[in-house]
């Protein structure tokens, strides 16, 4: 079966080419727990013709130890080295990739390897699973030359994998205890609303449960998800469904160098008086959204525009920064020209900006994080001249920036940003998912797609997705759906494969293709996982694991 899978994956039988990944994360739970175990094993096997190899759950080699220089050189020649992925789909039957596929320990001896260059080795791979969750973390592999093969290799690999799992459990207990201790200390000290976030731990104290209803709690949980795993303090705002504006301060908790998790303190913010005197936000041309967070953001931009206050709109790609600025401008200053220049093309940007401002136009410079030092200096001089002029009505100027890309930390960036007293954070779509139903109707209508509606089940699924590309991503998905269904009701099964998986982890191109293939096979076999696995050449254990890993909805 493994050879059939290898053949179906078009693995080169002569010279496989495993993919290489740089920037290995050696601070993971697996890597930390495995390090002392592998250190001890390596010292015991210094003079033995074996190599100890650790991989992650994708088969990417994280560590490799061995004292036999001849064996190390041979492994280098077949790229069985740190950074290379030894998945079965890339190098064929082998002790690492095949152990991942079957979900259990396996010995691949000499000629049992699919590719010729690997038949000089014997490899025993044993899965390492999380002792609490049961999730697959990686593989511990013992490799030697085929002439030295011994049945004890597999027993040794399994024993080593168990040692690593024991270390993970010990560390997990210690990390959880450290997080719990910090959680109780903060609860006692502040007396306020507190959340604790860990890899396998989530706690919300009684004060928060009493203060926030279930809907607000769900929103808080979703909002804190982005902070999970962070190693630096961060503070962010959340507009809750009840209308409460909450300030969330995340502080990481460490045990030595290991991240145990983090503590989030929640404080309610009082909204300051608005220049509009409050009230309902008007319907803006070319834009929609009714969530508390989106209305709050819109109001901030609206207030600034009405006061002719220059501002910066900062957010992720596709979040609607330019759309929001345009809509607010068209509402506040109907009939007044608004010029939009893109910093992606800086050849004539200064000349165009000067011409537009001299003619009295308002101005938006998008992607300002791309501006060169020379253009920034020219803009500083230009904006200063506008400020020094005595025109009856000063033009309105705004910038858009990608989150985290501001040049405000360097001297030139500071000189430019001093002209813009306010920065408005435009939230990513995953922070106001409740806007998706109205966005779907609006985007379909804007694209001229009539006669198509989206079912409640399909809308619910769309509201579960992380939307890495934000509104732009949603627009693309709807366009793709409408290309296949031109009338009637869009049901859950009409959504593209990427919409059937809810994982928030960024997938590689190969992983995305695999996810789509699994979704397609499940659809073709009416949800029958066994039949889908057979069609894909996978074991039942593998397809169940991948369904779980990719968050595929079945």
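The table for this structure:
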item	result
Conditions (1) touching a helix residue (DSSP H, G or I) at 6+ places or on another chain (Cβ under 7 Å); (2) within 27 Å of residue 292 (Cα to Cα); (3) surrounded by fewer than 19 Cβ atoms within 10 Å (Cβ to Cβ): number failed by residue 212	(3)
Hits in segment 319-357 (condition: under 17 Å from residue 308 (Cα atoms) and free of Cβ contacts under 8 Å to residues at least 12 places away in the same chain)	334, 335
Residue in segment 368-376 that is buried (at least 20 other Cβ atoms within 10 Å of the Cβ) and within 31 Å of the chain's Cα centre (by Cα) present	yes
Test: residue in segment 68-81 that is in contact with a helix residue (DSSP H, G or I) (Cβ under 7 Å, 6 or more places away or on another chain), assigned to a loop (DSSP other than H, G, I, E, B) and in the same structural domain as residue 153 (by TED's automatic domain parsing)	yes
Of all residues in segment 453-464 being within 21 Å of residue 550 (Cβ to Cβ) and touching a strand residue (DSSP E or B) at 6+ places or on another chain (Cβ under 8 Å), the one that is surrounded by the fewest Cβ atoms within 10 Å (Cβ to Cβ)	458
Hey, residue 355 within 34 Å of the chain's Cα centre (by Cα) and surrounded by fewer than 18 Cβ atoms within 10 Å (Cβ to Cβ) or not	no
Selected residue [modelled with pLDDT of 90 or more, under 30 Å from the mean Cα position of the chain (by Cα) and in the same structural domain as residue 156 (by TED's automatic domain parsing)] from 50, 61	61
Within segment 9-34, tally of residues that are in contact with a helix residue (DSSP H, G or I) (Cβ under 9 Å, 6 or more places away or on another chain) and in a helix (DSSP H, G or I)	5
Considering residues of segment 474-491 that are surrounded by fewer than 17 Cβ atoms within 10 Å (Cβ to Cβ) and assigned to a helix (DSSP H, G or I) only, the residue modelled with the lowest pLDDT	484
Out of 340, 386, 424, 397, sole residue that is surrounded by 13 or more Cβ atoms within 10 Å (Cβ to Cβ), closer than 30 Å to residue 463 by Cα and either in contact with a strand residue (DSSP E or B) (Cβ under 9 Å, 6 or more places away or on another chain) or not assigned by TED's automatic domain parsing to the domain that holds residue 299 (or both)	424
Residue within segment 89-99 that is under 19 Å from residue 538 (Cβ atoms) and within 24 Å of the chain's Cα centre (by Cα) present	no
Subset of segment 138-158 (residues that are at pLDDT 95 or above and in contact with a helix residue (DSSP H, G or I) (Cβ under 6 Å, 6 or more places away or on another chain))	138, 139, 140, 142
Set 104, 83, 116: member being touching a strand residue (DSSP E or B) at 6+ places or on another chain (Cβ under 6 Å) and either under 24 Å from residue 30 (Cα atoms) or touching a residue at least 60 places away in the same chain (Cβ under 8 Å) (or both)	83
Residue 6 being surrounded by 17 or more Cβ atoms within 10 Å (Cβ to Cβ) and outside any loop (DSSP other than H, G, I, E, B)	yes
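To keep it simple, each residue is scored yes or no on (1) closer than 21 Å to residue 386 by Cα; (2) part of a helix (DSSP H, G or I).
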| site | (1), (2) |
| --- | --- |
| 294 | no, yes |
| 303 | no, yes |
| 309 | yes, no |
| 314 | no, no |
| 324 | no, yes |
| 331 | no, yes |
| 344 | no, no |
| 353 | yes, yes |
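Here is a yes/no grid of residues against (1) more than 30 Å from residue 305 (Cα to Cα); (2) crowded, with 18+ Cβ neighbours inside 10 Å:
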site	(1), (2)
439	no, yes
444	no, yes
451	yes, no
466	yes, yes
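The values are calculated or read from the model by the stated rules, or taken from the named source; none is laboratory data. The structure displayed is predicted, hence computed values, not measured ones. Positions of Cβ are backbone-derived with ideal geometry, glycine not excepted, and every protein chain shown enters the neighbour counts.
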